[in-house]
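Input: a single structure, listed below in structure tokens.
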Amino acid sequence: LEMGLRIQSTFLPERLPQIPGYEVAAWWQPAEFVSGDYYDWLPLKDGRWGFVIGDVSGHGLAASLIMASVRAMAHVLAQTVSAPRQFVDILRDCIVPDLTNGRFITFLFAAVDPHRHVVRTWNAGHGPAGVWHVRTGEYRRIGPAATPLGFPPLDLPHDDHPIALDVGALLILGTDG
């Protein structure tokens, strides 16, 4: 299990991305030795940055192995896909056949445009997620747009508009550890 923890930690980003005008922070602590929690940031082909976060149901080695597959798929997808919904839909099509015994994955993809200062998201049942606007004190929850990966694919009512990232705004993405 300790070896699994060391291996899993190598699947998470080694360095914070350098995005002019933005600061990024991350912290990871598995609930057990290994887990299915995942986060990453990926430069996208259109100049945006993709921030991904997900959680494979359950804990332990099986969840961490599925997480490793999701990571590999996300890195490949980021080379060709920048649209959040398309990214998640393709990931769903690729990973669902590997989800057995009732497993599922909550997953959120956020495409941050550092030039226009907006973020677009597609949330497949993941939470917590939101944007806190420091100047106004407003918190905008990023609710689910679709069911988790492994559930029958359904679109849910949601706000599909880009979210402005005013000065000091915090994009907050988390899992349960």
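Between Ala68, Ala26, which is closer than 22 Å to Gly174 by Cβ, part of a loop (DSSP other than H, G, I, E, B), modelled with pLDDT under 95 and not aromatic (Phe, Trp, Tyr)?
After ruling out the rest, the residue left standing is Ala26.
Condition (residue is part of a strand (DSSP E or B), surrounded by 15 or more Cβ atoms within 10 Å (Cβ to Cβ), touching a residue at least 24 places away in the same chain (Cβ under 8 Å) and touching a helix residue (DSSP H, G or I) at 6+ places or on another chain (Cβ under 6 Å)) applied to the range 146-159: is it met by at least one residue?
Taking every residue of the range 146-159 in turn, at least one turns out to be part of a strand (DSSP E or B), surrounded by 15 or more Cβ atoms within 10 Å (Cβ to Cβ), touching a residue at least 24 places away in the same chain (Cβ under 8 Å) and touching a helix residue (DSSP H, G or I) at 6+ places or on another chain (Cβ under 6 Å).
Considering only the range 46-55, state which residues are modelled with pLDDT of 95 or more and of a type in the set (D, E, K, R).
Asp46, Arg48
A quick yes/no check of all residues on (1) without any contact (Cβ under 8 Å) to a residue 12 or more places away in the chain; (2) buried (at least 17 other Cβ atoms within 10 Å of the Cβ); (3) assigned to a strand (DSSP E or B):
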residue	(1), (2), (3)
Phe107	no, yes, yes
Ala110	no, yes, yes
Trp122	no, yes, yes
Trp132	no, no, yes
Arg135	no, no, no
Arg140	no, no, yes
Gly143	no, no, no
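Can you name every residue in the range 72-84 that is in a helix (DSSP H, G or I), surrounded by fewer than 18 Cβ atoms within 10 Å (Cβ to Cβ) and not hydrophobic (A, V, I, L, M, F, W, C)?
If the condition is that a residue be in a helix (DSSP H, G or I), surrounded by fewer than 18 Cβ atoms within 10 Å (Cβ to Cβ) and not hydrophobic (A, V, I, L, M, F, W, C), then His75 is the only one that fits.
When you go through (1) of a type outside the set (S, T, N, Q); (2) open to solvent by 60 Å² or more (accessible area, probe 1.4 Å); (3) assigned to a loop (DSSP other than H, G, I, E, B) one by one for Ile172, which number turns out not to apply?
With respect to (1) of a type outside the set (S, T, N, Q); (2) open to solvent by 60 Å² or more (accessible area, probe 1.4 Å); (3) assigned to a loop (DSSP other than H, G, I, E, B), Ile172 is out only on (3).
The values are calculated or read from the model by the stated rules, or taken from the named source; none is laboratory data. This is a predicted model, so every value here is computed, not measured. Note that we place each Cβ from the backbone using ideal geometry, even for glycine, and neighbour counts take in every protein chain shown. Heavy atoms of the whole protein, side chains included, go into the accessibility calculation; ligands, DNA and RNA do not. Shrake-Rupley method; radii C 1.70, N 1.55, O 1.52, S 1.80 Å.
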